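Participant: Right, I'll just put the structure down here and ask away after.
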Amino acid sequence: MTTPANVTFRIRRYEPASQRPPAWEDVTIPYADGMTVLDGLRTIKETRLPSLAWRSSCRMGVCGSCGMFINGHPRLACNTQVTELGTSLVTVAPLPNFEIIRDLVPDLRSMFDAHAALMPHIIRDDVQEMYEPTGEYFQTPHELEQILQFSYCIKCGCCMAACPTVATDPAYSGPMPLAQSHRYNADSRDGGFAARTQVLATEKGPWKCHYAGECSQACPKGVDPARAIQLMKRQLVFDYLGLYKQPCPAKVVAKPAGITRRADVPEAPAATI
Amino acid sequence: MRDQRLWTWHVLAGLIILVLLGLHMTIMHLDVLVGIFNPRDPHPIAWANVAARARMGFFTVSYIVLLGAALFHGLYGFRNIVFELGIGRGLKTALNVVLVLGGVSLFAFGAWAAWAAGTLARTL
């Protein structure tokens, strides 16, 4: 696409206090080199629509705050160049499958509630070791490989917005919480499979996923939640049949002794929490 | 736990269907390879062949197993599709009851039919 002189943003506006239904509003602004959708929204807020609301923070595709429905696809506004859309008309709406708080701000609580219910953290019996470590949990590069891509998730909600099952079934946890649950189930340092299965074995689990694969298409970080969900299904089926035995969580290995710090590598700062 | 159990049986029923439906297709369409199941006539659905198969206990059992697997697989799949429409808790319970009663009734009727066919064929 040739660089446009102007770009028209068609923005979904919604102000709950006004009692009016959501409506589209068109704003045309001059294109600037390297303009992202987030840059365009900032320009519009500064110059045309001061009441326009959205959520954003890092501006570099890391924080996951600016998930929006851009030209019919869930994307990160900060990570989407206007020129890559192939048109000078940019439609921006809040992520589908969530309640709208205002304008482009979705209410992500349903996603985070489902996420928290699936215990997305390392669960082990040696609590003392977790909080006052005497060594490190041993993990091989191969074991790391099993979880690495799933740990890139930034919880932006794009996969939830793309999922056709989330759109219709409120009981379904959705791709992000399920993929993160699998990320910890597959972690060699974790021992929480049985605890998570208490939730996963119910209607909140992966059973309603019919592998549309839209979540993996939508993920701006290249995570494949659809794969995580299928792996999780297999794990749970084997578990029901008594064929799955969770390996013992990784053992603690002592910190290596007799190693001196290189002079050019600074010491890590003291913990702040 | 119920959804994990149902899904596992859904998968197992699919595997059973795969095997038994494969056997059915083989008998119907690859008779050259498995002539033993069509001993009386070159045509697989000739009455003499149907009666001969019905006399074999293996087929009576396989018909009943296939019926059970197909009913469970199909009705569970249908239930999932309807549940995805976001229906309320009461409707879900009602649908569960209807599907269980309907499934059990159809299974009982079909199993009786397969058993009766075998018994009848053995008297011929």
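Participant: In nanometres, what is the gap between the two model label sites at A:Gln81 and A:Arg234, each 7 Å from Cα along Cα-to-Cβ?
Facilitator: 3.7 nm
Participant: Sticking with this structure for a sec: Report the antiparallel proportion of the DSSP beta bridges in chain A as a percent, rounded to a multiple of 5.
Facilitator: On the way: 21 of 25 bridges.
Once the DSSP bridges in chain A are tallied, antiparallel ones form about 85 percent.
Participant: Hey, what angle do you get for helix A:175-185 against the long axis of chain A, alpha-carbon based, 0 to 90 degrees rounded to 10?
Facilitator: Value to nearest ten degrees: 20.
Participant: Against the longest principal axis of chain A, how steep is helix A:225-240, in degrees 0 to 90 to the nearest 10, with axes from Cα atoms?
Facilitator: Rounded to the nearest ten degrees, it is 40.
Participant: Right, here's the next one. Given a Förster distance of 56 angstrom, what is the FRET efficiency for A:Lys255 paired with B:Ile87, based on the Cβ-Cβ distance and rounded to 0.05?
Facilitator: On the way: r = 56 Å, r/R0 = 1.00.
Step by step, r from the Cβ atoms, then E = 0.50.
Participant: So, one more: Connecting C-alpha atoms closer than 10 Å in a GNM of chain A, tell me which of A:Pro50, A:Pro22, A:Pro106 has the biggest fluctuation.
Facilitator: Maximum fluctuation in the GNM of chain A, among the listed residues, is at A:Pro50.
Participant: If A:Ser181, A:Ser57 are ordered by their accessible area, calculated over protein heavy atoms with a 1.4 Å probe, which sequence runs from highest to lowest? Show your work: numbers first, answer last.
Facilitator: Details: A:Ser181 0, A:Ser57 75 Å².
The most accessible residue leads, giving A:Ser57, A:Ser181.
Participant: Follow-up. Taking only complete DSSP H runs, can you tell me which helices of chain B stretch 30 Å or more along their own long axis by Cα positions and average at least 1.0 on the Kyte-Doolittle scale? The partial results should precede the final answer.
Facilitator: Working: long enough: B:2-29 (39 Å, 0.88); B:57-83 (39 Å, 1.39); B:89-123 (51 Å, 1.04).
In chain B, the long hydrophobic H runs are B:57-83, B:89-123.
Participant: What does the structure give for B:1-9 when I average, per residue, the other chain Cβ atoms found within 10 Å of the residue Cβ?
Facilitator: Numbers: counts 6, 3, 11, 12, 2, 2, 9, 7, 2.
Per-residue shielding by partner chains comes out at 6.
Participant: By the 4.7 Å beta carbon criterion, which cysteine residues of chain A come out unpaired?
Facilitator: When partners are defined as cysteine Cβ atoms under 4.7 Å apart, chain A leaves A:Cys66, A:Cys78, A:Cys153, A:Cys156, A:Cys158, A:Cys163, A:Cys209, A:Cys219, A:Cys248 without one.
Participant: Then there is this: If one computes the Cα centroid of the range A:236-262 and of the range A:99-117, what distance in Å separates the two points?
Facilitator: 34 Å
Participant: How many angstrom lie between the Cα centre of the range B:1-64 and the Cα centre of the range B:71-108?
Facilitator: Comparing the Cα centres of the range B:1-64 and the range B:71-108, I get a distance of 26 Å.
Participant: Helix A:37-47 against the longest principal axis of chain A: what's the angle in degrees, Cα atoms only, rounded to the nearest 10?
Facilitator: 50 degrees
Participant: Which order do the peptides A:91-100, B:110-119 come out in when sorted by mean C-beta neighbours inside 10 angstrom, highest first?
Facilitator: Values: A:91-100: 20.0, B:110-119: 15.3.
With the highest mean Cβ count within 10 Å placed first, the list reads A:91-100, B:110-119.
Participant: Summarise the partner chain shielding of A:198-211 as one whole number: the mean count of Cβ atoms from other chains within 10 Å of each residue's Cβ. Each step should come with its number before you reach the end.
Facilitator: Details: counts 1, 0, 3, 6, 4, 4, 1, 3, 3, 7, 6, 0, 4, 0.
Averaged over the peptide's residues, the number is 3.
Participant: Can I ask one more? Kindly provide the chymotrypsin sites (Phe, Trp or Tyr not before Pro) of the range A:206-273 that DSSP labels as loop, not H, G, I, E or B, and whose Cβ sees at most 16 other Cβ atoms within 10 Å. Spell out each step's value before the answer.
Facilitator: Values: sites: A:Trp207, A:Tyr211, A:Phe238, A:Tyr240, A:Tyr244; in loops: A:Tyr211, A:Tyr244.
Taking the range A:206-273 and a limit of 16 other Cβ atoms within 10 Å, the loop chymotrypsin sites (Phe, Trp or Tyr not before Pro) found are A:Tyr211, A:Tyr244.
Participant: Under a GNM of chain A (C-alpha, springs under 10 Å), which listed residue has the highest mean-square fluctuation: A:Arg262, A:Arg20, A:Arg189?
Facilitator: Checking each option, the largest mean-square fluctuation is seen for A:Arg262.
Participant: Then there is this: GNM, chain A, Cα, under 10 Å: largest mean-square fluctuation among A:Ser65, A:Ser188, A:Ser151?
Facilitator: Most flexible of the set in this elastic network: A:Ser151.
Participant: Continuing with this model, one more query. Checking the table A:Lys221/A:Lys245; A:Lys208/A:Lys245; A:Lys233/A:Lys255; A:Lys204/A:Lys245; A:Lys155/A:Lys233; A:Lys208/A:Lys251 against a 28 Å threshold on Cα-Cα, which pairs fail?
Facilitator: Flagged as over cut-off: A:Lys221/A:Lys245; A:Lys233/A:Lys255; A:Lys208/A:Lys251.
Participant: Continuing with this model, one more query. With a 1.4 Å probe and every protein chain left in place, tell me how much accessible area B:Phe78 has, in Å² to the nearest 10.
Facilitator: 100 Å²
Participant: Let me ask you something else. Where does chain B land at 222 nm, in deg cm²/dmol rounded to the nearest 500, when only DSSP H runs of n ≥ 4 count, each adding -39500 (n - 2.57), divided by all residues?
Facilitator: Working: 4 runs with 99 residues, N = 124.
Value at 222 nm, helices only: -28500 deg cm²/dmol.
The values are calculated or read from the model by the stated rules, or taken from the named source; none is laboratory data. All of these numbers come straight from a predicted model, not from anything done at the bench. Every residue, glycine among them, receives a Cβ derived from its backbone with ideal geometry; neighbour counts consider all protein chains shown. Side chains are part of the model used for accessible areas, which takes the heavy atoms of the whole protein and leaves out ligands, DNA and RNA. Shrake-Rupley method; radii C 1.70, N 1.55, O 1.52, S 1.80 Å.
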